[in-house]
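A short worksheet on the structure shown next.
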Amino acid sequence: MTVFIHRDMPDLFVDWSRAVGLDGIEPAAIDHFDSGQLMLEAAAQGLGVAFMHESHLLDAHDDRLVRMFDSDVDSPYSYWFVCRPRALQIKPVRLFRDWLVSLDDWSANASGSHRPE
C-alpha cells in the first residue's frame, strides 16, 4: 500500500513504525504531498494511507476516512509561536497568540493527552 506523507514531516512514517515496534517496515511506495487536504482526499479515494496528526483527521469531518490504528505516537514535530515580548502588548498579536494556545489546549483535551508541565 502507498503511504502519504506531508513534505514538512518527511520522517513521520519512520518515526511511527519505530514507535509501534515495526522498525524497518517498508511501504510499497511513499508519496509526498504539499497539502494536507489533498493528502486526505487521496486517502479518502482509496489511493493510499495518510500518516498525519490526528487533529487533521478530526477537522476533516469526512466519513470516508477512518483511523486505522489504535496506538498513539508522540510526534517529533512542533509548532512555535515567537515574537518580541513587547509585541504581546499589541492586541492583534496577543489575540492571535491566545487563539493558538487555545487550539493546543483543545487538541490536548480532544486526544485525551496532556501537555507536560
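The values are calculated or read from the model by the stated rules, or taken from the named source; none is laboratory data. As the structure is a prediction and not an experimental result, all values here were calculated from the model. Counting neighbours? That spans all protein chains shown, and the Cβs are built from the backbone with ideal geometry, glycine included.
When you look at residue 51, is it buried (at least 16 other Cβ atoms within 10 Å of the Cβ), out of contact with any His (no Cβ under 7 Å at 6 or more places or on another chain) and at pLDDT 95 or above, yes or no? So residue 51 fails the test.
Might you check whether a residue that is hydroxyl-bearing (Ser, Thr, Tyr) and over 25 Å from residue 104 (Cβ atoms) occurs anywhere in the stretch 50-62? Scanning the stretch 50-62, I find no residue that is hydroxyl-bearing (Ser, Thr, Tyr) and over 25 Å from residue 104 (Cβ atoms), so the answer is no. Remark: residue 52 matches the filter, which requires a residue to be out of contact with any Ser or Thr (no Cβ under 9 Å at 6 or more places or on another chain), closer than 17 Å to residue 8 by Cβ, part of a loop (DSSP other than H, G, I, E, B) and outside the structural domain of residue 101 (by TED's automatic domain parsing).
Taking the conditions (1) at pLDDT below 90; (2) surrounded by fewer than 17 Cβ atoms within 10 Å (Cβ to Cβ); (3) under 23 Å from residue 79 (Cβ atoms) in turn, residue 24 satisfies each one other than (3). Just one of the numbered conditions (1) without any contact (Cβ under 8 Å) to a residue 24 or more places away in the chain; (2) of a type in the set (S, T, N, Q); (3) in contact with a helix residue (DSSP H, G or I) (Cβ under 9 Å, 6 or more places away or on another chain) is not true of residue 78: (3).
Per the listing 103, 12, 57, 40, the residue uniquely within 17 Å of the chain's Cα centre (by Cα) and at pLDDT below 85 is 103.
In this structure, is residue 88 part of a helix (DSSP H, G or I) and in the same structural domain as residue 21 (by TED's automatic domain parsing)? No, not satisfied.
Only one of the listed residues (31, 70) is of a type in the set (Asp, Glu) and loosely packed, with under 11 Cβ neighbours inside 10 Å. That residue is 70. Return yes when residue 41 is outside the structural domain of residue 104 (by TED's automatic domain parsing), part of a helix (DSSP H, G or I) and among the acidic types (Asp, Glu) and no when it is not. Yes: the conditions hold for residue 41.
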